[in-house]
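Peer 1: Handing you a structure now.
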Amino acid sequence: MDVIAERDLELRTAAGSVKVTVKLGRPAISESGPDWVCPYEVHFGDQVRFMAMHGADSMQALQLAIASLDVDLEYGANKRSGTLYHFDEPFTSMLEHSGLQVRKQ
């Protein structure tokens, strides 16, 4: 995977903390057709989850991958009964605090 973005988080549980790393890959045209695919990885310590989101174009594949990261991170934190932190602040979403906003005309 050609990594274009990466973020380190910390999962805090009653038993201690675990490093969580998120890696986002470069969107590319799918091998199986005209659609695009954007891979990503979520590392909870030694456990790794590999996923890829498909879209009609590279932007849609990228957007879907980023949105799916939120679901994977929330699921992973809940499964391990912990809370995610980024720079010592509770982490809630890749999208929510990204600074991206809908443009109003």
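The values are calculated or read from the model by the stated rules, or taken from the named source; none is laboratory data. Remember, predicted model here, so these are calculated numbers, not experimental data. Here Cβ is always computed from backbone atoms with ideal geometry, including for glycine, and neighbour counts include all displayed protein chains.
Peer 1: Checking the condition in contact with a strand residue (DSSP E or B) (Cβ under 6 Å, 6 or more places away or on another chain), outside any loop (DSSP other than H, G, I, E, B), small (Gly, Ala, Ser) and under 16 Å from ARG7 (Cα atoms), which residue from ALA61, ALA52, ALA77 passes? Please lay out each step first, then the result.
Peer 2: Numbers: ALA61 fails: under 16 Å from ARG7 (Cα atoms); ALA52 fails: under 16 Å from ARG7 (Cα atoms).
Result: ALA77 is the single residue among ALA61, ALA52, ALA77 that is in contact with a strand residue (DSSP E or B) (Cβ under 6 Å, 6 or more places away or on another chain), outside any loop (DSSP other than H, G, I, E, B), small (Gly, Ala, Ser) and under 16 Å from ARG7 (Cα atoms).
Peer 1: Which one of these is under 14 Å from the mean Cα position of the chain (by Cα), in contact (Cβ under 8 Å) with a residue 60 or more places away in the chain and closer than 14 Å to GLU74 by Cα: VAL42, VAL22?
Peer 2: The match here is VAL22.
Peer 1: Among all residue pairs at least 6 apart or on different chains, which show Cβ distances below 9 Å where the first residue, located in segment 58-80, is within 11 Å of PRO39 (Cα to Cα) and the second is buried (at least 17 other Cβ atoms within 10 Å of the Cβ) and of a type in the set (Lys, Arg)?
Peer 2: none
Peer 1: Something else now. Tell me which of these LEU95 doesn't satisfy, since it passes every other one: (1) outside any loop (DSSP other than H, G, I, E, B); (2) in contact (Cβ under 8 Å) with a residue 12 or more places away in the chain.
Peer 2: (1)
Here is a yes/no grid of residues against (1) modelled with pLDDT under 95; (2) surrounded by 15 or more Cβ atoms within 10 Å (Cβ to Cβ):
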{"residue": "PRO27", "(1), (2)": "no, yes"}
{"residue": "CYS38", "(1), (2)": "no, yes"}
{"residue": "GLY45", "(1), (2)": "yes, no"}
{"residue": "PHE50", "(1), (2)": "no, no"}
{"residue": "MET53", "(1), (2)": "no, yes"}
{"residue": "PRO90", "(1), (2)": "yes, no"}
{"residue": "LYS104", "(1), (2)": "yes, no"}
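Peer 1: With (1) surrounded by fewer than 18 Cβ atoms within 10 Å (Cβ to Cβ); (2) touching an Asp or Glu at 6+ places or on another chain (Cβ under 8 Å); (3) not hydroxyl-bearing (Ser, Thr, Tyr) as the list, and VAL18 as the residue in question, which single condition is left unmet?
Peer 2: Here VAL18 meets the rest and fails (1).
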